[in-house]
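The values are calculated or read from the model by the stated rules, or taken from the named source; none is laboratory data. Fair warning: this is a prediction, and the values are worked out from it, not measured in the lab. Cβ placement follows ideal geometry from the backbone for every residue including glycine, while neighbour counts extend to all protein chains displayed.
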Amino acid sequence: MIEVIQDKPMTTENPRNRQNKARDRQTQRKQREAMAVRMVDPENVPPREPVLSTDESNAQPFDAMARPRTRASTPRATSRNEAITRQRSARYTSRSPRTELNRRPSARKPMQVEHIGQLDWYDIRQMIGLWIKDAFWYIRKHPIIIQSMVVMMIVAVLIHYASFALSGRIFPYVKTMGVDIGGLTTQEAEDKLRAVWDAGYTIELRVGNEPVGKPTAQQMGFELDVPATIAQAQAVSFGAIPFGRDVSPVVTLEEITSTDFLLNFADEVYQSPINALYEWQNGTLTGLSGGVGRELNYVRTTDKLNARMTDVIVNKRFDLEMSVLLPVNDDPEPYLDDVMRIVSQPLELRGYDPYTNQFFTWAVDRDTFTEWLMAGDESLVLRSDTFSQFVDEINTTLNPADSNLRYIEPTEATEKVNLAIAEGRTQIDLRVRYRPTVYEVQRGDTGFRIARRTGIPFFQIRDANSGRNLDILSVGDILNLPSRDIALPHTPVPYKRIVVDLNEQELIAFENGEIVFQWEISSGVSDAPTSPGIYQILSHNDVAYGSSVTLCDVSGVSCGVWEMSWFMGIYEVVPGIVNGFHGKVILPNGNLLGDGFVGFPYTFGCVMSNDADAKTLYDWAEQGVIVEIISNEFEPTSDLGQLAKQIMLGNAY
């Protein structure tokens with residue numbers, strides 16, 4: 001390839017001129033670059049204020065607005081403003097074409113409004129942001145402003161708290177027991193704290209994670225010293241700055257109240273250990289392993305309560321200390337055969353009411369009986385908790401809906417069933433008992449007459465109403481009557497009964513509902529009458545001795561004594577003196593009481609029979625046989641008593 005070179009006309013130029021021109025061009029280029037890229041130091045830019053213009057010809061972009069000009073701008077100021085404008089324009093022009101195309105078509109225009117109300121939310125935010133920036137600029141440039149503000153705040157706080165110190169009020173944000181007492185006077189704080197305490201400040205009692213009760217602090221024996229607690233709160237003073245303070249209450253524990261509470265509450269948390277149990281599953285007898293129980297450890301609980309009194313009150317919670325109770329026998333295997341043998345026969349519980357001579361029968365099915373049994377140390381025993389539930393159910397059948405007078409005592413019944421299980425018996429006799437009652441005094445009543453109406457000895461009514469004068473009674477007065485069981489201390493014999501009629505002076509004895517004896521008797525004279533009521537044979541003595549004030553000499557020091565044969569005690573007249581059945585009575589002078597005859601009141605309160613009849617009754621009536629003594633003051637309470645009365649009146653048989 002041949003390169004053609006075009007010839008140019010040859011010119012002659014002074015080299016010095018070319019250097020001067022190059023130097024000029026370089027100087028102009030540097031000036032243009034300096035004007036285009038000159039950066040303004042933001043620290044030297046004065047604060048800006050938005051300018052609202054109503055002249056469209058003079059409208060400027062919002063970002064270009066600056067402080068209102070009061071004089072012509074100097075070239076330096078003009079250069080600074082132009083540089084700022086070029087710098088901001090560069091930000092927008094530097095965007096990519098795609099970004100520019102995606103901008104909203106409604107780009108913001110310079111603000112041209114007549115008043116501030118014409119600005120939209122975007123413009124307002126722009127102005128607020130600008131003002132905030134200017135404020136921070138001033139604060140940074142003038143640190144004394146911040147220092148002044150801090151000093152003013154500290155002074156205000158000190159004045160605020162000093163006002164509480166000088167006025168005697170408790171400092172703000174002071175609390176005790178969760179009660180805010182800040183800002184109150186001493187008296188106001190005491191009243192507020194005492195009101196919270198008296199309203200029932202409760203403590204949650206727990207065993208592990210299990211809540212077991214929520215008594216009040218007063219019930220647990222805590223006593224709050226309100227003045228001492230408020231004095232502590234007031235002593236906090238400036239120590240409550242800045243976040244307040246929780247003050248510990250001043251409390252004490254009253255030992256007697258605390259002891260009584262814990263001893264009573266021990267029953268609430270007690271859980272007996274469970275020995276091995278038994279149940280029927282799909283027709284097969286199955287043994288179940290036992291488990292541990294628990295009881296309150298009084299010593300450890302008391303020590304812990306005394307050591308943590310304040311924490312208990314502040315936290316409103318106390319964890320009781322418990323002791324683990326191990327089962328006697330948790331292995332069901334050794335007694336499986338015994339359980340099978342015992343429950344193979346039907347169990348029958350029979351209740352007996354000695355006052356009405358009523359019998360109750362409750363049959364127990366195999367599954368229920370099996371659930372009652374558990375493995376003991378050496379034999380099978382009864383589950384007292386499960387059996388007690390059964391007893392509670394049958395007690396509801398003994399009374400009308402509005403009464404709970406009669407009941408079967410669970411502990412007594414448990415002992416009898418355990419004895420029957422050990423002996424292999426399937427028929428168990430249970431006693432129906434009576435609860436204490438009250439008596440409303442009627443016209444003409446005296447303590448002695450009330451005793452004869454109710455069948456309860458006078459001294460027992462007197463003891464049940466300690467401090468009352470039973471000789472001075474008014475109609476409507478209420479007296480306490482002890483349980484009827486007080487006259488029947490021994491287990492009643494259910495199939496024998498002796499009925500004595502004081503009006504007819506006669507005695508009839510029943511066995512299995514049939515009459516076995518009937519004869520005349522002699523009861524007490526009017527000065528020492530026989531008391532009617534429901535009693536029982538208490539004791540047996542071949543020979544017994546007695547006396548009376550009528551047999552004493554004038555001095556009262558020496559009294560005569562009589563002798564009684566075949567004596568059986570039936571009730572106490574006063575403690576230590578007993579009336580009962582007996583045969584002949586030999587007086588101190590050797591004569592027989594009533595000359596050996598019966599049929600009229602002769603005795604000093606006992607029931608006398610002919611000597612031979614008394615011996616027969618003595619041999620027939622064992623301890624516990626029920627004695628029903630009736631009169632016109634005390635009507636029969638049993639079916640046999642009513643039958644005996646009809647027979648004695650000649651209206652039966």
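The table that follows gives values for the structure above.
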| quantity | calculated |
| --- | --- |
| Qualifying residues in the stretch 253-280 (those that are among the β-branched types (Val, Ile, Thr) and in a helix (DSSP H, G or I)) - the one nearest to Leu325 (Cα to Cα) | Val269 |
| Answer from Glu254, Glu223, Glu204 - the residue that is closer than 16 Å to Met177 by Cα, of a type in the set (Asp, Glu) and either in the same structural domain as Ser379 (by TED's automatic domain parsing) or over 17 Å from the mean Cα position of the chain (by Cα) (or both) | Glu223 |
| Tabulated pairs, the stretch 450-467, first on the phi < 0 side of the Ramachandran plot, second modelled with pLDDT under 95 and acidic (Asp, Glu), C-beta under 6 angstrom, 6+ apart or interchain | Arg452/Glu633; Arg453/Glu633 |
| The listed residue being of a type outside the set (Lys, Arg), touching a His at 6+ places or on another chain (Cβ under 8 Å) and assigned by TED's automatic domain parsing to the domain that holds Ser547, out of Phe567, Phe634 | Phe567 |
| Residue in the stretch 227-235 that is surrounded by fewer than 16 Cβ atoms within 10 Å (Cβ to Cβ) and in a loop (DSSP other than H, G, I, E, B) present | no |
| Elements of type helices (runs of 4 or more DSSP H) contained in the stretch 90-186, each with 2 or more residues being surrounded by 10 or more Cβ atoms within 10 Å (Cβ to Cβ), touching a helix residue (DSSP H, G or I) at 6+ places or on another chain (Cβ under 7 Å) and at pLDDT below 60 | 144-167 |
| Test: Ala422 is out of contact with any Gly (no Cβ under 8 Å at 6 or more places or on another chain), in the same structural domain as Leu349 (by TED's automatic domain parsing) and part of a helix (DSSP H, G or I) | yes |
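Residue-wise test of (1) over 15 Å from Leu349 (Cβ atoms); (2) surrounded by fewer than 17 Cβ atoms within 10 Å (Cβ to Cβ).
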| site | (1), (2) |
| --- | --- |
| Asn395 | no, no |
| Asn399 | yes, yes |
| Asp402 | yes, yes |
| Leu405 | yes, yes |
| Asp445 | yes, no |
